[in-house]
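Below: the structure, in structure tokens.
The values are calculated or read from the model by the stated rules, or taken from the named source; none is laboratory data. This one's a predicted model, so the numbers in the text were calculated from it and none came from an experiment. Note: ideal-geometry Cβ built from the backbone for every residue, glycine included; neighbour counts use all protein chains shown. Each accessible area value is taken on the protein alone, full model and side chains, heavy atoms only, with ligands, DNA and RNA left out. Shrake-Rupley method; radii C 1.70, N 1.55, O 1.52, S 1.80 Å.
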Amino acid sequence: MRVVGLMSGTSYDAIDAAAADLALDGDTLVLTPLGMISTPYEDGLRAELAGALPPAATDLATVCRLDTRIGQAFAAAAERADLELCDGRTDLTASHGQTVYHWAESGRVHGTLQIGEPAWIAEATGRPVVSGFRTRDVAAGGQGAPLVSVFDVMWLRGRPGVPVALNLGGIANVTVIEDGAGGAPLAFDTGPANALIDAAVRELADGSDPAGARSMDVDGVLAARGTVHPGLLRTLLDEPYYALPAPKTTGKELFHLPYLRAALDTCGPLPAEDVVATLTRLTARTVADAVRPFGATEVIASGGGTRNPVLMRWLREELGGGGGGGAGVPLRTSDELGLPSGTKEAYAFAVLGWLTAHGLPATLPSCTGARHPSVLGSLTPGAAGRSLPGPLTTAPVRLVVRAPRPTR
């Protein structure tokens, strides 16, 4: 079954479309990557989306426009992926949509909203679309995140020790495949990955600086030039979220520009480079602090943050004991295991769509906190004659990534 997974994360910079050939072999789901394309949001759409996100106020007219325009952008990405990656033979599209609000209070998630109307995708491609993955888990008492945990557990199951999957997007999340005592898998958001760094670059960086003209710290240039400010770092580390027990989830509803401004008010004006360096160290420290208690034996990272060499270097330092000694925890990227680090989440949602299409649960209660596993998402039918396969009674327990066959 050929599935295109569509993903735009909390950095809302582009739509990633990853195509996979998925086939069941006994109790193993075999994923053959067919490639990925990334389509940046058009500048006007990205600006309108940024202006509508919390803590900004918005109105229903804006929400309707964004839902429509993002749905159309996702549809264009799906069409392109179908033609360029699947030779026009896609069977299913799995669309995460664009998260615009995750209603989390006092350790509970009460609701979640992803927009990008799937009817536009189904109309453009003629293929059925699975979307709205998070809501069913929230309705079952779960956090609705990190939903990639079921993918991570199938993918890393059987590796020695205690492997941990790490995603460095706008928010950082981890999946602990099992703790040191052999307990159930656990997953949670550790805190910001790129969210505050990006906010600082947009707000503070000098436009005359090549890195400052962008919306992110490209190649960690600013962090490398800066000095970590101890007072600001202490203030940021006092955030109560970090002390909450897992499972837990967070987002830009908490870690946004006004949050950063409030922290900066406690220490006076600082050079942009020092702010970015401090926020980069914050990400490395909070990820390592979250991972260490589980006796992790390796951390396998993916997401946009893996392209920041300063963040990765400092994360390696923090995982090396955080000043407390010890042998440290190896940090590698998912590329070393055959899964491109920039596309892992899109491939994960392709797998979630495959599970839904076969009537199989795609959540682990120990990872999301839900009362029970759930079949996720809603189905938007494709064109006439485009039907889904029949349901399966047994879910795969492992996932292997198989290199695509070379073409002549």
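Grab the helices (runs of 4 or more DSSP H) fully contained in region 289-408, keeping just those with 2 or more residues being over 22 Å from W155 (Cβ atoms). Break it down into steps so the answer makes sense when it comes.
Numbers: elements: 309-319, 344-357, 365-368.
The helices (runs of 4 or more DSSP H) meeting that bar are 309-319.
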Report task. Kindly indicate whether A246 is at pLDDT below 95, out of contact with any Asp or Glu (no Cβ under 8 Å at 6 or more places or on another chain) and either more than 21 Å from Y12 (Cβ to Cβ) or surrounded by 24 or more Cβ atoms within 10 Å (Cβ to Cβ) (or both). Result -> yes
**Report entry** Those residues of region 37-50 which are open to solvent by 50 Å² or more (accessible area, probe 1.4 Å) and over 23 Å from R134 (Cα atoms), in sequence order
**Finding:** P40, E42, D43, A47
Query raised in the report: Of the residues G180, G170, which is small (G, A, S), modelled with pLDDT under 95 and surrounded by 24 or more Cβ atoms within 10 Å (Cβ to Cβ)?
Result: G170
Query raised in the report: Quick check: is even one residue across region 206-216 at pLDDT 90 or above, open to solvent by less than 30 Å² (accessible area, probe 1.4 Å) and either outside any helix (DSSP H, G or I) or of a type outside the set (D, E, K, R) (or both)?
Result: no
Requested in this report: With respect to L315, determine if the residue is in contact with a Lys or Arg (Cβ under 7 Å, 6 or more places away or on another chain), among the hydrophobic types (A, V, I, L, M, F, W, C) and either open to solvent by less than 10 Å² (accessible area, probe 1.4 Å) or free of Cβ contacts under 8 Å to residues at least 12 places away in the same chain (or both).
Outcome: no
Report summary line: Of A81, A61, the only residue that is at pLDDT 95 or above, among the aliphatic types (A, V, I, L, M) and in contact with a strand residue (DSSP E or B) (Cβ under 7 Å, 6 or more places away or on another chain) is A81
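Determine whether region 40-48 contains at least one residue that is in a strand (DSSP E or B), in contact with a Ser or Thr (Cβ under 8 Å, 6 or more places away or on another chain) and not hydrophobic (A, V, I, L, M, F, W, C). Before you say what the answer is, go through the steps one by one.
First, pick out the residues of region 40-48 that are in a strand (DSSP E or B): 40.
If we keep only those that are in contact with a Ser or Thr (Cβ under 8 Å, 6 or more places away or on another chain) too, we end up with none.
Checked against the condition, which is being in a strand (DSSP E or B), in contact with a Ser or Thr (Cβ under 8 Å, 6 or more places away or on another chain) and not hydrophobic (A, V, I, L, M, F, W, C), region 40-48 yields no hits at all.
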Requested in this report: Go through region 118-144 and give me each residue that's under 20 Å from the mean Cα position of the chain (by Cα) and open to solvent by 10 Å² or more (accessible area, probe 1.4 Å).
Outcome: P118, S131, G132, R134, T135, R136, V138, Q143
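Any residue that is of a type in the set (S, T, N, Q) and over 20 Å from K252 (Cβ atoms) - is there at least one of those in region 39-54?
As a first pass, look at region 39-54 and keep what is of a type in the set (S, T, N, Q): 39.
Cutting the leftovers down to over 20 Å from K252 (Cβ atoms) gives us 39.
Within region 39-54, one or more residues are of a type in the set (S, T, N, Q) and over 20 Å from K252 (Cβ atoms).
Conditions tested, residue by residue: (1) farther than 30 Å from L376 by Cα; (2) open to solvent by 50 Å² or more (accessible area, probe 1.4 Å); (3) modelled with pLDDT of 95 or more.
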residue: G268; (1), (2), (3): yes, no, no
residue: R285; (1), (2), (3): yes, yes, yes
residue: A296; (1), (2), (3): no, no, no
residue: P309; (1), (2), (3): yes, yes, yes
residue: L337; (1), (2), (3): no, no, no
residue: G342; (1), (2), (3): no, no, no
residue: G353; (1), (2), (3): no, no, yes
Query - Test result for H110, open to solvent by 30 Å² or more (accessible area, probe 1.4 Å) and either in a strand (DSSP E or B) or in contact with a Leu (Cβ under 6 Å, 6 or more places away or on another chain) (or both) - result: yes
Report task. Might you check whether a residue that is in contact (Cβ under 8 Å) with a residue 12 or more places away in the chain and over 22 Å from L257 (Cβ atoms) occurs anywhere in region 53-60? Result -> no
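How many residues are farther than 17 Å from L376 by Cβ and either free of Cβ contacts under 8 Å to residues at least 60 places away in the same chain or open to solvent by less than 10 Å² (accessible area, probe 1.4 Å) (or both) when one looks only at region 145-161? Full working, then the answer.
Narrowing region 145-161 to residues farther than 17 Å from L376 by Cβ: 155-161.
Next, only the ones that are either free of Cβ contacts under 8 Å to residues at least 60 places away in the same chain or open to solvent by less than 10 Å² (accessible area, probe 1.4 Å) (or both) stay: 156.
The qualifying residues number 1.
A quick yes/no check of all residues on (1) over 27 Å from T249 (Cα atoms); (2) of a type outside the set (A, V, I, L, M, F, W, C); (3) without any contact (Cβ under 8 Å) to a residue 60 or more places away in the chain; (4) surrounded by 23 or more Cβ atoms within 10 Å (Cβ to Cβ):
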position: L83; (1), (2), (3), (4): yes, no, yes, no
position: C86; (1), (2), (3), (4): yes, no, no, no
position: S95; (1), (2), (3), (4): no, yes, no, yes
position: Y101; (1), (2), (3), (4): no, yes, no, no
Query - Lone unmet requirement of (1) in a loop (DSSP other than H, G, I, E, B); (2) open to solvent by 20 Å² or more (accessible area, probe 1.4 Å); (3) in contact with a helix residue (DSSP H, G or I) (Cβ under 8 Å, 6 or more places away or on another chain); (4) under 17 Å from A124 (Cα atoms) for T90 - result: (2)
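Could you run through region 2-13 and say how many residues are more than 18 Å from Y101 (Cα to Cα) and open to solvent by 10 Å² or more (accessible area, probe 1.4 Å)? Give the derivation first.
Let us first name the residues in region 2-13 that are more than 18 Å from Y101 (Cα to Cα), namely 2-6.
When the remaining residues are screened for being open to solvent by 10 Å² or more (accessible area, probe 1.4 Å), the result is 2.
Number of matching residues: 1.
Taking the condition small (G, A, S) and assigned to a helix (DSSP H, G or I), does G268 pass?
Numbers: small (G, A, S): yes; assigned to a helix (DSSP H, G or I): no.
Here the answer is no, as G268 does not meet what is asked.
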Query raised in the report: When you go through I115, I70 one by one, which is the residue that is open to solvent by less than 20 Å² (accessible area, probe 1.4 Å), out of contact with any helix residue (DSSP H, G or I) (no Cβ under 6 Å at 6 or more places or on another chain) and among the hydrophobic types (A, V, I, L, M, F, W, C)?
Result: I70
Report summary line: Filtering region 145-167 for residues that are among the charged types (D, E, K, R) and farther than 23 Å from K252 by Cβ leaves a count of 2
